[in-house]
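Read the structure below first, then the notes.
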Amino acid sequence: MKNLLISLDIGTQGTKCILFDESLSILASAFEPSILVSPKPGTVWQEADDLYGAVVRTISSVIREKNISPSDVAAIGLDGQMAGIMGIDVQGQACTCYDSWLDTRCAPYVKIMREKAGKRITELTGGPVTYTHGPKILWWKHEQPEVWAKIHKFVLPHAYLVGRMCGLSGEEATFDYTHLQYSGFGDNKNKTWSAELLREFDIDANKMARIVSPFDVVGVTTREFARQTGLIEGIPVVAGAGDTAASLLGAGVFEQGMMMDCAGTASVLCSVVDSFVPDLEHETLTMVRAAVDGLWYPLAYINGGGLCLRWFRDEFTGTPHMDYDQLEKEALDIPPGCEGLSFVPHFDGRVLPSNPHIKGGFIGLNWKHTRAHLYRAIMESIACEYRYYFDVTRTLYPRRSFEQLFAMGGGANSPLFNQIKADVLGLQITTCEMSDTSLIGSAVIAGTGVGLFSDCKEPIRRVAAPGRTFFPNSENYEIYQNNFKRYQRALDAVAAIYKP
């Protein structure tokens, strides 16, 4: 069996590895949960050795499960968490932890960057300043000067792992262009580092890794990595992409006007366009460069939106926990608008637009509200946040028609959640039946990088499988107009309470 592809997703919840054949059929898979270190609120990291160990073990598992010949593996592709960053030394070894996108210790530097050059950063990078690379890099520079001195390059977690697989030095480290919008210091339109922004914040340009395409083959597996995993030395490894960019590619989101709801740990809403229009007015949408060069994903997300539903299940449904289907069955009987109840899903500050003073909470509770009301209110709040993102998208692209939304991720398995979003947005929603779209995307990027596929779109079109469609209910849409206004007022009220 020739031309096999190994694909890895370095996710927040865990590392998953899938072994694909060249028709993108799954031959074997393995998953290992992440170890998130969070000693106090606002502090979240992952240890570099934990990330690498999970990659080694999951690859070993799929090789053993299928008992394949390692020489049949044509390429390896990875994707990973996008908004966090880590530092490596001159040998390419980690000298920091992975500073997670969930970590908010860099909040003071978010404020500094916004005050000094916020509009200019958005104009150049395509993304407003929030808890992403720029403020995190400044945090390491000013709060950890001894560590700063050891950092040769800043890299993404999947790029660090590519380096470990291939024995790359710090100087050979890469930064793929699907992350430039989160960099704080990039010129996204031109795929370069911005000398202007680096100079403004006194960041040594030599600490920034070379910018590459996700499809670039950047190295081959070493003898040591082969020994650890059961592979062979010399397998090509591509630079890889961010998990959202890989997911959107894998789901077939590469036609203009398409929209996608990535309903996972983070709740992400994006669309597909062919022009770079930074959101200077609202500072809400981030212009993510697609893996397919020339396309862009205007995107915004709730930092941990999907976690709100899990938090509620884990903390308020007893032991053992209820499953989501049971909670959804209860919530089906609750009328749209939850009889005056609102929820704020920003437990650690609003990311887009950035507002660290907003905290999570239920607003409008009275004696008739039940567990079902609370659960449905969480869903409705995420849909209302999406409505704001959608309104901004239409403002930036007034001549573009957005009529259909595709949904993927764990949240897309909920018929109620999909219907609420359809009703709030006034859009037809179709679920994406393919699971593991980020892994499909990374496999196709790897296969295209080594010439197995001549076009990255065609193999995905062959396996694309649309699922159930949800149509907006006009009566509910009218109800949710008032609900959306109430949600916006709730955000303002909460921010006023917690602002120092």
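The values are calculated or read from the model by the stated rules, or taken from the named source; none is laboratory data. Quick caveat: nothing in here was measured; it's all calculated off a predicted structure. Every residue, glycine as well, gets a Cβ built from its backbone with ideal geometry; the counts of neighbours run over all protein chains shown. Note: accessible area is taken over every heavy atom of the protein model, side chains too, but ligands, DNA and RNA are not part of it. Shrake-Rupley method; radii C 1.70, N 1.55, O 1.52, S 1.80 Å.
A few remarks follow.
- Between residue 49 and residue 69, full extension at 0.36 nm per residue minus the direct alpha carbon distance yields a gain of 4.5 nm.
- Potential lengthening of the chain between residue 492 and residue 401 amounts to 29.7 nm, from the contour at 0.36 nm per residue minus the alpha-carbon distance.
- FRET efficiency, residue 455 to residue 371 (Cβ-Cβ, R0 41 Å, nearest 0.05): 0.25
- Nearest-ten-degree value, helix 305-316 long axis tilted from longest Cα axis of the chain: 70
- Length added when fully stretched, residue 143-residue 223, from 0.36 nm per residue minus Cα-Cα: 25.0 nm
- The three principal axes of the Cα atoms in the chain give end-to-end lengths of 65, 51, 50 Å, sorted in falling order.
- Principal axes of region 154-225: Cα extent on each, largest first, Å: 43, 22, 15
- Value in Å of the Kirkwood radius, where region 112-166 supplies the Cα pairs that are averaged: 12.9
- Between the helical axis of 437-449 and the longest alpha-carbon principal axis of the chain there is an angle of about 30 degrees.
- Inter-label distance, nm, simple model (7 Å from Cα along the C-beta direction), residue 22/residue 172: 2.7
- Measuring r between the beta carbons of residue 332 and residue 31 and using R0 = 30 Å, the FRET efficiency lands at 0.45.
- On Cα atoms only, tilt of 107-125 relative to the major axis of the chain in degrees: 80
- Anisotropy class of region 194-299 from Cα gyration tensor, a/c 1.5 cut: oblate
- On a per residue basis, the chain carries 38 Å² of accessible surface, using protein heavy atoms and a 1.4 Å probe.
- Label-zone membership for region 241-256, site residue 464, 7 angstrom Cα→C-beta point, backbone N under 11 Å: 249-256
- All lysines inside 26 Å of residue 499 as judged from Cα atoms, apart from same-chain residues fewer than 8 positions distant: 40, 111, 116, 119, 136, 359, 485
- Value of D in µm² per second that Stokes-Einstein yields for region 324-471, Kirkwood Rh from Cα pairs, at 20 °C (1.002 mPa s): 121
- Shown here: region 1-141, whose C-alpha atoms stretch 57, 34, 29 Å along the first, second and third principal axes, sorted largest to smallest.
- When Rg and the Kirkwood Rh are both derived from Cα coordinates, the Rg/Rh ratio for region 272-402 amounts to 1.05.
- When shorter helices are ignored and each DSSP H run of at least 4 residues is given -39500 (n - 2.57), the per-residue value for the chain at 222 nm works out to -12000 deg cm²/dmol.
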